[in-house]
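Here is the structure we will look at.
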Amino acid sequence: MEKPPRLLLSRLWLQNRVYDVTLNSVVFAWKETEPNKKRPPGSSWNTCKAAGSHSVPVCEIIAVQETAEEVQKKNAGKWHRVPRSPEESYQPPAFTVFYVDRSRQHRWRCRSVTFHCPDWGLCQQWIQTIEEQLFLLTYRPKRLLVYINPFGGKQQGKRIYDQKVAPIFSRASISTDVIVTERANHARDHLKTDADLKKYDGVVCVGGDGMFSEIVHGLISRTQCDSGVDQNCPEETLVPCDIRIGIIPAGSTDCICYATVGANDPVTSALHIIVGDSQPIDVCSVHHNNTFLRYSVSLLGYGFYGDLLIDSERKRWMGPTRYDISGAKTFLSHHYYEGTVSFLPVTDNVGSPRDKFRCRSGCHVCQHSGHLPLEEKQICEQEEEEGEDSVSEIGHKDVWRVIRGKFLAINAVSMSCACPRSPKGLSPAAHLSDGTTDLILVHKCSRVNFLRHLLRHTNKKDQFDHSFVEVHRVRRFRFMPKHQEVDSEVDSEPDLRERGKGLFGQICRDHPACDCAPAHSTWSCDGETLPHTAIQVSAHRQLIKLFARGIEEQPVFEDSTGVCSA
C-alpha cells in the first residue's frame, strides 16, 4: 500500500534531545536523532519521558497549541537567576500536541508532548498544519447536548463531568449545552419535544444505564414521530437515528458502557467522543398486543432478573450493594414460572450464541449480517394473519418454534451484558449490531444447578453447557405466561372462577391451596419494569449509534517509558 505524502519534516527539540518530527495525513511521529546533544537554552521538561521512536495516529490527536507563552506566564513572579548572556534568556518557541494514550484494560488517557522549534515561523507552521488535518476529520463532534443525572449511582454525576470530562471537551474545542435533570424521564421528554437536534452533533448522557435508556427512548421516539412511523405497530420497520449518543459512566453498573467500550471510565468515554468514534447498536422493541411498551438495548429478563429488580428497587437507599442482597434473596426464593415461549430463529449465517470468538471492533459478523431475509418476512406476515395456531412446534428453520414449560429465568440480550461483576456477560458471543437477540431459557432445576449456572457468569466456562439451559439466536419472540392462559379459561367457564381466584396474588402452581410463590414474575427491561407479562419482541438492526468503536481485540499497552506507540 502506498504511503501518504509527507506534509512536514523538521528537526525539533524534545526535552534535552533532538528528534526528527514528521507529519502526514495519517500519522504524527517523532524519532530521536542525536541522543547526546544538550537541550537548548530555556527549554522545559515535559511530562512525556519518551526516548527512541514514537507515533500517534492523526485521528487520535486531541488538540495542538502554542506553549511558549504559557511557560512564561507560569514562571512570572518567581525568582530567577540573572542570565549571564542574551542567549540564556532566550525562550524558544514551542507547541504541545495532546493525544490519546491507550493503557491497560481498554482505558484511554490524554497525554501531551512538547516540541521546541528554532524559530516562530516554523512553530506556527506546525500548529497550523496539524489544525488543518484535524479540521478535515469531519466526523468529530463540534457541539454536544449533555444531560447529567445528579441522582444516579453514587450521586457523583455532576462532579465527574465538571472535574474529568468538561476540561477535556474544552481542550478539544467542543462546545456543550448542559442540562442537569430534575426528575425521572426529564431527558426523554426534552428530547421528544423541545430539543433542537439540528444544532448538535451528538447527545451525551452522564449517569447510569437508566439515564442512557431515557436518551434512547427520547431519540428513537423523536425520530419515528418525525418520520411518520407508528411505534404501536409491532410489524413496523423503525427508522435509524442519525445523531450519535455518548455515555459518561456515573451509575451503579454501567453495563452498556462496559460492553461497548470495555471499561467504565469517564475519561476513556470522553476521549471516544472527542475522536468521533461510531458504533451502531441493535435495539429491541417490546409490545403488548398492539401497544408499544419500551425499547431494550441490553437485558430483557423475566423470572430471576425480574424478581431481583422488584426487590432491589425497594432498597435503592443502599446504593449498589442492594444488588448483592436482592440477588441472594431472589436466589433463595427459587421461584419458577410457567409459560409459553415462541420465537423466530435466525436462519442466515450470523454466528451462534456458543461461538468462541467475541464481538470486537470491526466485527465481520455485524458488518455482513443483513436485514431479515425476504423469505422470513413473508412467513412472518403469513403467520401473523393466520394467528398463533399456525405456529409449528417442529424446529423447522423458517417457521416459529414453540417451547412450553416451567422457567427459572427467561432472558433476551442484545449484547454481551458484560460488567465488572460479570466480565464475560450473560451471552459472551452476542453481537452489538447483527440484528438479532440471544434468547436464554433456564428451565426449572435445583438450587445447586441454578447456582452453577450463575457462577458461570464469572468464569471462562461455557455458560450454556447445562441440560436445563438452552439458548437461541432469534429475530423475534413472544411470551405468554401460564396465568393468563388460565384466566381466559376462568372467564369462559363460571364454575372455574372460584378455583382460579387469586391467580394474580400469591399461589403455588403445584399446590393451588398454598401461598408459597407468586403466580407470575415481572419483565425487567434495561432496569425498568414492564406493565404487562405477555409481550412481543422484535430486534431492529443498528437503530442507534454510540460514540464508541467496540472493544478492541488487542489493546496497545504502555511501554516502559510511559508512552504508547499506535
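Just so it is clear, none of the values below were taken in a lab; they were calculated from the coordinates. Small disclaimer: the values here were computed from a predicted structure and weren't measured. Counting neighbours? That spans all protein chains shown, and the Cβs are built from the backbone with ideal geometry, glycine included.
The figures follow:
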{"read-out": "Other-chain or far-sequence residues with amide H under 5 Å of residue 546's (modelled H)", "value": "245, 279, 281"}
{"read-out": "Peptides ranked, highest mean first, by Cβ atoms within 10 Å: ranges 157-168, 272-283", "value": "272-283, 157-168"}
{"read-out": "Sum of side-chain charges, residue 326 neighbourhood, beta-carbon under 15 Å (Lys, Arg +1; Asp, Glu -1)", "value": "+2"}
{"read-out": "Long-range HN-HN contacts of residue 176 with modeled amide H, under 5 Å", "value": "144"}
{"read-out": "The stretch 255-358: relative contact order as a whole-number percent, Cα under 8 Å and 6+ apart", "value": "15"}
{"read-out": "For residue 337, distant residues with modelled amide H under 5 Å away", "value": "407, 408"}
{"read-out": "Charge context of residue 297, other residues only, Cβ under 15 angstrom, K/R +1, D/E -1", "value": "-3"}
{"read-out": "Filtered trypsin sites (Lys or Arg not before Pro), the stretch 281-340: DSSP coil and at most 16 other beta carbons within 10 Å", "value": "314, 315"}
{"read-out": "Stretchable slack from residue 8 to residue 22, in nm (0.36 nm times residue separation minus alpha-carbon distance)", "value": "4.5 nm"}
{"read-out": "Karplus-derived HN-Hα couplings along the stretch 52-61 (A = 6.51, B = -1.76, C = 1.60, θ = phi - 60°), whole Hz, x at Gly and Pro", "value": "x, 10, 9, 8, 9, x, 4, 5, 10, 7"}
{"read-out": "Given 158/198; 356/461; 142/198; 356/460; 424/461, the pairs whose alpha carbons are separated by over 19 Å", "value": "158/198"}
{"read-out": "Phi-based couplings in Hz for the stretch 2-9 (Karplus 6.51, -1.76, 1.60; Gly and Pro marked x)", "value": "6, 6, x, x, 6, 9, 9, 8"}
{"read-out": "Label-to-label distance, nm, for residues given as residue 194 and residue 461 (7 Å Cα→Cβ offset)", "value": "5.3"}
{"read-out": "Karplus-derived HN-Hα couplings along the stretch 467-476 (A = 6.51, B = -1.76, C = 1.60, θ = phi - 60°), whole Hz, x at Gly and Pro", "value": "5, 9, 10, 9, 9, 9, 8, 10, 9, 8"}
{"read-out": "Residue 235 paired with residue 33, simple spin-label distance in nm, labels 7 Å along Cα-to-beta-carbon", "value": "7.1"}
